[in-house]
1. Looking at Gly75, Gly10, which one is modelled with pLDDT under 90 and in contact with a Lys or Arg (Cβ under 6 Å, 6 or more places away or on another chain)?
2. Looking at segment 64-111 only, could you name the residues that are β-branched (Val, Ile, Thr) and either under 17 Å from Ser33 (Cβ atoms) or surrounded by fewer than 17 Cβ atoms within 10 Å (Cβ to Cβ) (or both)?
3. Scan segment 96-121 residue by residue and report those that are assigned to a loop (DSSP other than H, G, I, E, B), modelled with pLDDT of 80 or more and more than 14 Å from the chain's Cα centre (by Cα).
4. Within the group Val31, Val49, which residue is in contact with a strand residue (DSSP E or B) (Cβ under 6 Å, 6 or more places away or on another chain) and under 19 Å from Val66 (Cα atoms)?
5. Under 7 Å by Cβ, and 6 or more places apart or on different chains, what pairs join a residue from segment 88-107 that is within 15 Å of Arg51 (Cα to Cα) with one that is among the hydroxyl-bearing types (Ser, Thr, Tyr)?
6. Looking at segment 57-95, which of its residues are touching a Leu at 6+ places or on another chain (Cβ under 9 Å) and outside any strand (DSSP E or B)?
7. Cβ-Cβ below 9 Å, separation at least six or inter-chain, first residue in segment 32-44 and free of Cβ contacts under 8 Å to residues at least 60 places away in the same chain, second crowded, with 16+ Cβ neighbours inside 10 Å and in a helix (DSSP H, G or I): which pairs?
8. Which members of segment 27-55 meet the condition of being under 8 Å from the mean Cα position of the chain (by Cα) and farther than 20 Å from Lys109 by Cβ?
Amino acid sequence: MSAISGGARGMTIADTATVKMWFVSAEPAEVTSSKLVGKNLYNTQNVTVGRFEYLVIETGKTVTGVVVSVGGFLGMGECYVVVDPASNFLHRADGSLKAMADADKDAVKNAPEFKYDKTNT
């Protein structure tokens, strides 16, 4: 594995690629972002409280938040909140994943809004 100056690892924003690519092993049981993004988030009463839209990756290597769309109808009037990944859990049932959290719709709708330009993500 190549060393990176300063010992930093993770994706960075730069004008050119300056680090050789290396490969890692991943366990088959690990969850990929493609399995999360677009998944509805349910509460413990099995009511949809939002939908996973994006993952927030800090310093290019750590998922520090999940952007969840809440409210609205057919994409109109929805807003976004960021939730701590540790406050959600995934449940495997019949070969699929179900995302769940201990929150009601009002708590999610009243959370601080996350504003960003969806066209610049």
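1. Working: Gly75 fails: in contact with a Lys or Arg (Cβ under 6 Å, 6 or more places away or on another chain).
Going through Gly75, Gly10 in turn, just one is modelled with pLDDT under 90 and in contact with a Lys or Arg (Cβ under 6 Å, 6 or more places away or on another chain): Gly10.
2. Listed by number, the residues that qualify are Thr64, Val66, Val67, Val68, Val82, Val83.
3. Start the filter on segment 96-121 by keeping residues that are assigned to a loop (DSSP other than H, G, I, E, B), which leaves 102-104, 110-117, 121.
Going one step further and asking which of them are modelled with pLDDT of 80 or more, we end up with 102-104, 110-115.
Asp102, Ala103, Asp104, Asn110, Ala111, Pro112, Glu113, Lys115, listed by residue number.
4. Val49
5. Lys98/Tyr42; Ala99/Tyr42; Met100/Tyr42; Met100/Thr44; Ala101/Ser87; Asp102/Thr44
6. Correct list: Pro85 only.
7. Sorted first by the residue in segment 32-44, then by its partner, the list stays empty.
8. If the condition is that a residue be under 8 Å from the mean Cα position of the chain (by Cα) and farther than 20 Å from Lys109 by Cβ, then Ser33, Leu36, Val37, Leu55 are the ones that fit.
The values are calculated or read from the model by the stated rules, or taken from the named source; none is laboratory data. Remember, predicted model here, so these are calculated numbers, not experimental data. Because the Cβ atoms are built from the backbone with ideal geometry, glycine has one as well, and the counts that use them run over all protein chains shown.
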